[in-house]
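The values are calculated or read from the model by the stated rules, or taken from the named source; none is laboratory data. Nothing here was measured: the structure is a model prediction, and the numbers come from that model. Each accessible area value is taken on the protein alone, full model and side chains, heavy atoms only, with ligands, DNA and RNA left out. Shrake-Rupley method; radii C 1.70, N 1.55, O 1.52, S 1.80 Å.
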Amino acid sequence: MDITFQTLLPAFGLGLLGFVEPCTLGAHVLFLEGQRHRPAAQRMSAALVFLMARIVVMGGFGGLVVLLGQRLVGVQTGMWLVFGAVYLSLGTAI
């Protein structure tokens, strides 16, 4: 797959959406609350560490999904064929 503007734009948009998804919103609020009484330099440092940790974890999960998806595309296609044959048989029988 070539990396083009059309492939980067959805990835970027979904990445931004990840910062407001309900699963992580609580972590962001707690993080921001914990930064209220810190000096500006410490807040910036903590924010960069928080951001890097999110990038590494979410990027790692994304990379793992890609690797697994590439390896399992044959299995997925096989399952489509099996279930397609089952549904075709059921449809014909009914």
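Within segment 44-63, can you find the residues that are farther than 16 Å from residue 27 by Cα and either open to solvent by less than 90 Å² (accessible area, probe 1.4 Å) or assigned by the TED database to the domain that holds residue 16 (or both)?
45, 59, 60, 62, 63
Could you say which residue among 25, 32 is closer than 21 Å to residue 11 by Cα and of a type in the set (A, V, I, L, M)?
25
Do we have residue 88 as at pLDDT below 75 and in a helix (DSSP H, G or I) here?
no
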